[in-house]
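Report on the structure given below.
No value in this document is a laboratory result; all are computed from the given coordinates. Just so it is clear, the model here is predicted, and its values are computed rather than measured. Please note: Cβ atoms are built from the backbone with ideal geometry, for glycine as well, and neighbour counts cover all protein chains shown.
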Amino acid sequence: MKTYAIADIHGRADLLGALLGNIAAANAQSSTDYRVVFLGDIIDRGPDSKNAMDLVVAELARCADSRLILGMLISTES
């Protein structure tokens, strides 16, 4: 199984949608399955956080082997 890792999307649904489309197209003729592992921040700071999260949720539903590993917020305040 191929694994694609996508990190720190930061609300860029436009770029994520294009990337997921390219991954799907690259694997359309393949008999090998693939999964996507999303790492880090999905919604932080970007212009289209809701749609970015919707794309991630759709990919997770499409492929049971795909995963979301969230980023951590580390506070330096006491």
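Miscellaneous remarks
- Subset of the range 36-59 [among the acidic types (Asp, Glu) and part of a helix (DSSP H, G or I)]: Asp54, Glu59
- Flag if Ala24 is touching a residue at least 12 places away in the same chain (Cβ under 8 Å), small (Gly, Ala, Ser), surrounded by fewer than 14 Cβ atoms within 10 Å (Cβ to Cβ) and not in a loop (DSSP other than H, G, I, E, B): no
- Among the residues of the range 52-67, those identified as surrounded by fewer than 16 Cβ atoms within 10 Å (Cβ to Cβ) and free of Cβ contacts under 8 Å to residues at least 40 places away in the same chain are Val57, Ala58, Ala61, Arg62, Cys63, Ala64, Arg67.
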